[in-house]
Amino acid sequence: MKKFYSLLSVMLLTVLISACGTTTNESENTNDLPTTEATENGQSQNNSTSSNEPQQVLEGTTTESESQNYSITVVEGFELTGEEPNKDLLFNKENDLQSMRIETFNKEEVNLEETTNNLMETLKASNEEGTLEEITDENQLPASDTIQQAKGFQIDTPDGKVTGYTFETDGLIVKLTIFDTADTPALETFIQMAGTIKSK
């Protein structure tokens, strides 16, 4: 009889241990599921975010300067022309009061800080009574994978804003002077085109 009770006790103990083990495993599996799902959801969200990010590709014609060592994407309605040696003018064909003067220099030959100071003096000369303001909003600065140390300044004139930028890109120091009008301004379009400047 004692053997019977001992055997019964062992069997019950075995069943209990098995049950505990199953519960533990189920618990562990249950704990693992949310983590796995969260990870999968995270990956799915990340992949979704990456695929939904807008590709900043400007539609236009890649145009090379005739007198300087750069190319730029020119959008429809605008035209690039040589203004004078080492200076080009990109202008709105429907409103030539809207234009961007482009000057580029070899990075090894020109100092970016001096070019920026020169730009500031140029802008001040366009309205001696105006106040020169630095552009701190990154959305209003030319941007690309290669553009570095972009600086922007702006001054009001009776005809509209005059905006200037300097930056380094693809081995070039770039100086831009943009003349815009108050009605239907084109500054944003000029900034987008400026972001496509690169060495030939």
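The values are calculated or read from the model by the stated rules, or taken from the named source; none is laboratory data. This structure is a prediction, so every number in the text was calculated from the model and none was measured. Glycine gets a Cβ as well: all are built from the backbone with ideal geometry, and neighbour counts include every protein chain shown.
Quick check on my filter: what residues within segment 111-131 are within 25 Å of Gln192 (Cβ to Cβ) and modelled with pLDDT of 95 or more?
Taking segment 111-131 first, the residues within 25 Å of Gln192 (Cβ to Cβ) are 112, 115-116, 118-120, 122-123, 126.
Leu112, Thr115, Thr116, Asn118, Leu119, Met120, Thr122, Leu123, listed by residue number.
Of all residues being under 21 Å from the mean Cα position of the chain (by Cα) and among the acidic types (Asp, Glu) in segment 142-170, which is surrounded by the fewest Cβ atoms within 10 Å (Cβ to Cβ)? Just the residue, please.
Among those residues, the one meeting the criterion is Asp145.
Can you tell which of Leu89, Leu58 is under 17 Å from Gln192 (Cα atoms) and at pLDDT below 95? Step through it out loud before you land on a result.
Details: Leu89 fails: at pLDDT below 95.
Answer to the check: Leu58.
Out of Asn118, Asn86, Asn139, Asn106, I need the residue that is farther than 23 Å from Glu66 by Cα, touching a strand residue (DSSP E or B) at 6+ places or on another chain (Cβ under 9 Å) and surrounded by fewer than 19 Cβ atoms within 10 Å (Cβ to Cβ). Which one? Break it down stepwise before answering.
On the way: Asn86 fails: farther than 23 Å from Glu66 by Cα; Asn139 fails: touching a strand residue (DSSP E or B) at 6+ places or on another chain (Cβ under 9 Å); Asn106 fails: farther than 23 Å from Glu66 by Cα.
The conditions single out Asn118.
Starting from segment 114-129, keep only residues that are under 18 Å from Asp180 (Cα atoms), then list their pairs with residues that are among the polar types (S, T, N, Q) whose Cβ atoms are within a distance under 7 Å, requiring at least 6 positions of separation or different chains.
Leu119/Thr166; Thr122/Thr177; Ser126/Thr157; Asn127/Thr157
For segment 124-196, give me every one of the strands (runs of 3 or more DSSP E) that falls completely inside it and has 3 or more residues that are hydrophobic (A, V, I, L, M, F, W, C). Step through it out loud before you land on a result.
Numbers: elements: 148-157, 160-169, 172-179.
Ranges flagged: 148-157, 172-179.
Just to be sure before I move on: is Thr104 in the same structural domain as Ala182 (by TED's automatic domain parsing) and either over 16 Å from Val174 (Cβ atoms) or assigned to a loop (DSSP other than H, G, I, E, B) (or both) in the structure I sent?
Values: in the same structural domain as Ala182 (by TED's automatic domain parsing): yes; either over 16 Å from Val174 (Cβ atoms) or assigned to a loop (DSSP other than H, G, I, E, B) (or both): no.
Taking the combined requirement at face value, the residue does not satisfy it.
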